[in-house]
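Presented below is the structure to which this report refers.
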């Protein structure tokens, strides 16, 4: 149990670091002296390596069978490589769009898997309050990541939906993550986007709010028991 708690703590920390590196440090108007802009991409790679490793650790705590654990590890490694290839600057959009589609689909699947196993464990088994809070927080931070890849896949099909330059995969991903996190935080979306993205954003908001209601209810029941 203590091992699972430590895995959740690390997953929470790394999820926040991924947001910091990709959204805050990734802005075009970033001018802070530390970390230097030239080092941000390398920093992001390092953070993602540890983030994917912790995703595997958390998920493997609930997946039974060596085959499924190996399959999930292969999924994480493959999507990491493909996402890196798709994020290269200076490559024509038409040459990397299919790589990006495959990479983001794999990202969506892997994030959905870990979200599912955490939620299933929370509601199927009884845990102490600390464990429940850590698990609930970890799953909650995965919601905007899941929807960000949904937005990114739609943007790959038609960049106009996100109001971004279709020639930059990295800009498309940055916008997708911004929109998803803004929606979850209840902030107004800064740039005009399509009605389709707004409608899906409403769905994300509904799901996040329902998640909070159900999780709070589950934690209260566990506390009474």
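Can you give the FRET efficiency to the nearest 0.05 for residue 102 and residue 125, using r as the Cβ-Cβ distance and R₀ = 41 Å? Can you show the working numbers first?
Values: r = 35 Å, r/R0 = 0.85.
Given R0 = 41 Å and the Cβ-Cβ separation, E is 0.75.
What ranking do 71-79, 109-117 get when scored by the average of other Cβ atoms within 10 Å per residue, highest first? Display every interim value, and only then the final one.
Values: 71-79: 16.0, 109-117: 17.9.
Top to bottom by mean Cβ count within 10 Å: 109-117, 71-79.
The relative contact order of the chain, computed from alpha carbon pairs under 8 Å that lie at least 6 residues apart in sequence, is 19 percent.
Subtracting the Cα-Cα distance of residue 91 and residue 160 from 0.36 nm times their residue separation leaves 22.9 nm of extension gain.
Expressed as an acute angle from 0 to 90° and rounded to the nearest 10, what is the orientation of the C-alpha long axis of helix 195-224 relative to the principal long axis of the chain? Result, in degrees: 20. Relative to the dominant Cα principal axis of the chain, helix 37-60 is inclined by about 30°. Counting every other Cβ atom within 10 Å of each residue's Cβ, 137, 175 order from fewest to most as 137, 175. Here the translational diffusion coefficient of the chain follows from Stokes-Einstein with Rh set to the Kirkwood radius across Cα pairs; for 4 °C and 1.567 mPa s it amounts to 70 µm²/s.
None of the figures in this text is laboratory data; all of them are computed from the coordinates on show. Everything quoted here is computed from the prediction, not taken from an experiment. With ideal geometry, Cβ positions are generated from the backbone for all residues, glycine too; neighbour counts draw on all protein chains shown.
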